[in-house]
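Take a look at the structure set out below.
The values are calculated or read from the model by the stated rules, or taken from the named source; none is laboratory data. Predicted model only: the values in this text are computed from it and were never measured. Using ideal geometry, Cβ is built from the backbone for each residue, glycine included, and neighbour counts are taken over all protein chains shown. For accessibility, only protein heavy atoms count, side chains too; no ligands or nucleic acids. Shrake-Rupley method; radii C 1.70, N 1.55, O 1.52, S 1.80 Å.
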Amino acid sequence: MSSRNQLAPIALFVYRRLQHARATVESLLQNPESQDSDLFIFCDAAKSADVGDAVAEVREFVQGISGFRSITIIERKENFGLSRNIIGGVTDVLSKAGRVIVVEDDLVSSPFFLRYMNDGLDVYADDSPVASIHGYVYPVDRPLPETFFLRGADCWGWATWTRAWQCFCADGQKLLAELERQRLLGEFDMEGAFAFAQMLRDQTAGKNDSWAIRWHASTFLAGMYTLYPGKSLVQNIGNDSSGTHCHSTNAFESALSNDRVRVQKQEVVENDDGKEAFRRFYLKQSEIASSSHGSSVKIHRLITRYCWRMLQKCWQQWIK
């Protein structure tokens with residue numbers, strides 16, 4: 001399969017939320033590129049009998065999907081959990097195509113999403129410092145460039161290549177030790193704005209099984225960067241208490257861009273304005289959490305628990 005002359009395949013991960021999955025697929029079909037894109041759907045199996053019917057409904061729905069160039073459905077025979085499902089699914093599609101666009105079942109996309117993702121994959125295919133292309137951007141309080149780079153990786157509508165995914169390290173303890181050895185924990189946490197390191201510690205302690213924090217840490221340590229759009233091409237509709245680790249919140253609602261985001265080659269360096277905008281957003285969420293709980297001494301815990309859970313699948317795996 002030619003990586004440059006053909007659109008990247010899409011890997012869609014679904015489980016038990018029918019309405020969310022339906023909205024995700026319908027939004028992808030609004031992208032003109034969908035008809036020329038191969039879709040791989042990874043359906044996880046039920047973890048327990050009480051979600052069996054919901055899982056079956058989602059599987060029935062995906063059997064009826066049309067409108068893509070081809071559709072391949074992979075039904076897991078046992079419950080993988082989100083982390084194992086995504087790591088395995090991404091690796092599998094990359095082995096076939098060399099590049100992949102990754103979408104989970106609660107991400108509604110702009111009609112310009114697939115164009116942007118494919119443009120980014122084409123423009124930066126041979127730039128080894130680029131880890132991924134990302135479609136979502138927080139509702140920050142300042143204008144952003146049309147596209148910009150930040151160090152590390154992200155997980156709400158993203159794309160990558162085999163060359164970048166090869167740096168993924170599943171050993172959270174090894175990643176944490178290396179961050180400590182290089183004295184990068186402060187930078188990793190955006191100078192205290194968000195507790196990424198604590199999430200990684202929790203992963204090593206078995207308190208979560210997040211693939212995303214390990215992907216972020218792997219690329220961060222490798223000195224790699226992710227391309228973001230200045231206006232969001234993805235909206236997460238899962239922060240509605242429908243997920244196991246999801247609090248209802250609208251803090252992360254970014255309006256979908258009504259215009260195409262153009263990808264033009266630029267120097268692969270971290271954008272100071274983008275980084276500061278993200279820092280301010282994280283700090284604002286921790287202040288809101290602190291205020292709502294009435295205790296400033298709980299800031300660290302609130303960041304690592306409350307904010308992580310609001311972000312839900314951005315960094316923490318479902319425990320289904």
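Of the helices (runs of 4 or more DSSP H) that lie entirely inside the stretch 217-320, those containing 2 or more residues that are modelled with pLDDT under 50 and under 19 Å from the mean Cα position of the chain (by Cα) span 308-311. Selection of the stretch 145-158 for residues being open to solvent by less than 10 Å² (accessible area, probe 1.4 Å) and more than 9 Å from the chain's Cα centre (by Cα) yields F148, F149, L150, G152.
Sub-6 Å Cβ pairs linking a first residue in the stretch 114-134 that is within 14 Å of A164 (Cα to Cα) and among the small types (G, A, S) to a second residue that is open to solvent by less than 10 Å² (accessible area, probe 1.4 Å) and assigned to a loop (DSSP other than H, G, I, E, B), at least 6 apart or interchain, are A131/A153; S132/A153, ordered by first then second residue. Pairing residues of the stretch 256-272 that are in contact (Cβ under 8 Å) with a residue 40 or more places away in the chain with residues that are in a loop (DSSP other than H, G, I, E, B) and aliphatic (A, V, I, L, M), at Cβ distances under 9 Å and at least 6 apart in sequence or on separate chains, gives L256/L233; S257/L233; V261/L233; V268/M224; N271/L144.
Note on the stretch 167-202: residues that are under 17 Å from the mean Cα position of the chain (by Cα) and part of a helix (DSSP H, G or I) amount to 3. Restricting attention to the stretch 122-138, the residues being buried (at least 19 other Cβ atoms within 10 Å of the Cβ) and either in a loop (DSSP other than H, G, I, E, B) or among the β-branched types (V, I, T) (or both) number 7.
Close contacts from the stretch 200-221, counting a first residue that is farther than 14 Å from L179 by Cα and a second that is part of a helix (DSSP H, G or I), with Cβ to Cβ under 6 Å and a gap of 6+ residues or different chains, come to Q203/G172; Q203/I213; N208/D202; D209/S83; S210/Q203; W211/S83; W211/I86; W211/I87. Going by what's in this entry, would S37 be described as open to solvent by less than 70 Å² (accessible area, probe 1.4 Å) and at pLDDT 95 or above? Criteria met by S37. Considering D154, D119, the condition of being assigned to a helix (DSSP H, G or I), modelled with pLDDT of 95 or more and not aliphatic (A, V, I, L, M) is satisfied by D119 alone.
When the criteria are applied in full, S110 meets the requirement of being of a type outside the set (D, E) and either free of Cβ contacts under 8 Å to residues at least 12 places away in the same chain or open to solvent by less than 10 Å² (accessible area, probe 1.4 Å) (or both).
Restricting attention to the stretch 55-82, and to residues there that are in contact (Cβ under 8 Å) with a residue 12 or more places away in the chain and of a type in the set (D, E), which single residue is surrounded by the fewest Cβ atoms within 10 Å (Cβ to Cβ)? In this case the residue turns out to be E78. Residue pairs whose Cβ atoms lie under 9 Å apart, sitting 6 or more positions apart in sequence or on different chains, and linking a residue in the stretch 29-54 that is of a type in the set (G, A, S) to a partner that is surrounded by 15 or more Cβ atoms within 10 Å (Cβ to Cβ) and assigned to a strand (DSSP E or B), are S34/I10; S37/I10; S37/I101.
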